[in-house]
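Just so it is clear, none of the values below were taken in a lab; they were calculated from the coordinates. It should be emphasised that the depicted structure is a prediction, and the values quoted were computed from it without experimental measurement. Note that we place each Cβ from the backbone using ideal geometry, even for glycine, and neighbour counts take in every protein chain shown.
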Amino acid sequence: MQFDLDKLVRENIRVLKPYSSARHEFTGTASVFLDANENAYGSPLHEKFNRYPDPLQWQLKFQLARIKGVPAENIFVGNGSDEVIDLAYRIFCDPGKDNVIICPPTYGMYEVSANINDVAIKKVKLTKDFQLDVNGILEAVDVHTKLLFICSPNNPTGNNMKREDVELLLNNFPGIVIIDEAYINYSKQKTCIQELTDYPNLIVMQTLSKAWGLAALRLGLCYASMDIIDLYNKVKPPYNINEASQQLALDALNETETVNTWIREVVQQKDFITKQLGQFPFVEKIYPSDANFILVKVKDANRLYDHFASNEVIVRNRSKEVNCDNCLRITIGTPSENQQLIELLKQYQS
């Protein structure tokens, strides 16, 4: 199958002349900046905050490139992964005409963003063991199908999708395949980033919100071909990532050893909680997880959720999701938080 990116891009986006900021138009070095109507006297908060940030976040991308082994030109940084998702709809999907495929139960923003952008959703449910229904996905494709979202490890189920299924879809799906790897740092499966050279229709999303502990900064990462990254840069707001977030992220990316220690502890604590959960008769199933959370099927999810909430512990009730009846999603906390969770389960049992 010959891949033609131009045929997938919306016509108005393909011919769009993007906004050109003052910092876009200038290359080289300068000591006096009189181009962007900034306050030249400074900022009461920080000496750098009176200036607009780098619109393309090059220093942050260079650091990510060193860590991920991907050229900086193949990286887009979004205001959270939600911006990466939203821009995919804006770039590739004509409102009221095109459609995308999602595989529930999965991350809810794929559907929310589709509804915001007036793009139809086709839902191809995961199998009973929460794997991709490859035949069902390919059968759902029509001439207006532009995007396929695959979450791996999946939220809320926690499992990886089989790599052979993903590769089969990359080879046969006629549109853009977006693989959401928000939880990949906790997984035994390798990232799909290294597959970018083989698949021009591939977008890989990651985030600094989970393992890197920067959820408050809202930094989503997108890895794709230079052609796709160029489209993202064309459509995004001029300064989508503020200076404070860029600087804090750069500081955090120097702490890889600390992050790796946290990841190892989360995996150990996940094993501990899994073993503890197995002793309670009201726990019917603990689903395998490659993420920093566990999906647990219990006899009465609403009642158990209320028990936790009344004791100021919040978990996520996923019972309304397809094939997740009476399921709670429990994030792995600190050892003391996890022990508190187990003690509440013991109280609930008694």
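Could you tell me whether the stretch 157-245 comes out rounded, prolate or oblate from its Cα gyration tensor? Rule is a ≥ b ≥ c as square roots of the eigenvalues, rounded for a/c under 1.5, then prolate if a/b exceeds b/c, otherwise oblate. Walk me through the intermediate numbers first.
On the way: a/c = 2.72, a/b = 1.23, b/c = 2.20.
Oblate, because a/c is 1.5 or more while a/b does not exceed b/c.
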Kindly rank 42-52, 83-93 from highest to lowest mean number of other beta carbons found within 10 Å of each residue. 83-93, 42-52
Pairing the Cα long axis of helix 301-310 with the longest principal axis of the chain, what angle in degrees results, from 0 to 90 and rounded to the nearest 10? 80 degrees
Mean Cα-pair separation over length for the chain, i.e. relative contact order, pairs under 8 Å, 6 or more apart, %: 17 percent
Among TYR232, ILE263, ILE286, flag the residue with its Cα farthest along the positive direction of the charge dipole of the stretch 209-299, charges on Cβ as +1 for Lys/Arg and -1 for Asp/Glu. ILE286
How are the alpha carbon pair distances in the chain distributed across 20 Å bins from zero to the largest one, expressed in percent? 27, 53, 19, 1
What shape does the stretch 204-321 take by its C-alpha gyration tensor, where a ≥ b ≥ c are the square roots of the eigenvalues and a/c under 1.5 counts as rounded, a/b above b/c as prolate, and the rest as oblate? prolate
Size-normalised alpha-carbon gyration radius of the stretch 257-349, reference 2.2 N^0.38 Å: 1.05
Quick one: MET226, MET109, MET161, MET205, fewest Cβ neighbours within 10 Å first, how do they rank? MET226, MET109, MET161, MET205
For the chain, modelled as a GNM with alpha-carbon contacts under 10 angstrom, which of LEU219, LEU16, LEU56 fluctuates the most? LEU16
Of ASN74, ASN39, ASN117, the one that fluctuates the most in a GNM where the chain has Cα springs shorter than 10 Å: ASN39
So, with points 7 Å from each Cα along the Cβ direction, the ARG14-ASP82 label distance in nm works out to 3.2 nm
Within the stretch 283-319, list the residues whose amide N lies under 12 Å from a label point set 7 Å along Cα→Cβ of ALA215. 292-293, 314-316
Mean ellipticity per residue at 222 nm, deg cm²/dmol - from DSSP H runs of n ≥ 4 across the chain, formula -39500 (n - 2.57): -10500 deg cm²/dmol
Acute angle (nearest 10 degrees) that the helix 243-252 long axis makes with the longest principal axis of the chain, alpha-carbon atoms: 60 degrees
Sorting ASP98, ASP4 on the 10 Å Cβ count, fewest up front, what's the list? ASP4, ASP98
The stretch 1-49 to the stretch 121-173: how many Å between their Cα centroids? 35 Å
Using only the alpha-carbon atoms, how far is helix 163-172 inclined from the longest principal axis of the chain? Give it as 0 to 90 degrees, nearest 10. 40 degrees
Where is the GNM fluctuation largest for the chain (alpha-carbon springs, 10 angstrom cutoff): ASN172, ASN185, ASN240? ASN172
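Any chance you could run the full-extension gain for ASP6 through LEU138? It's 0.36 nm times the residue separation minus the Cα-Cα distance, nm to one decimal.
Answer, rounded to one decimal: 45.4 nm.
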Going by how many other beta carbons lie within 10 Å of each one, how would you line up VAL15, VAL235, fewest first? VAL15, VAL235
Charge sum, other residues only, whose C-beta stays under 13 Å from ASP94's C-beta, Lys/Arg counted +1 and Asp/Glu -1: +3
Result for the chain, cysteines with no Cys Cβ partner under 4.7 Å, is CYS93, CYS103, CYS151, CYS192, CYS222
Using DSSP, restrict attention to beta bridges with both residues in the stretch 140-290 and report what percent are antiparallel, rounded to the nearest 5. 30 percent
Positive end of the dipole of the chain, charges at C-beta (+1 Lys, Arg; -1 Asp, Glu), about the Cα centre: which of PHE308, GLY69, ASN160 has its Cα farthest in that direction? PHE308
Distance check, please: which entries in LYS122/LYS188; LYS68/LYS122; LYS122/LYS146; LYS17/LYS122; LYS270/LYS297 exceed 21 angstrom between their Cα atoms? LYS122/LYS188; LYS68/LYS122; LYS17/LYS122
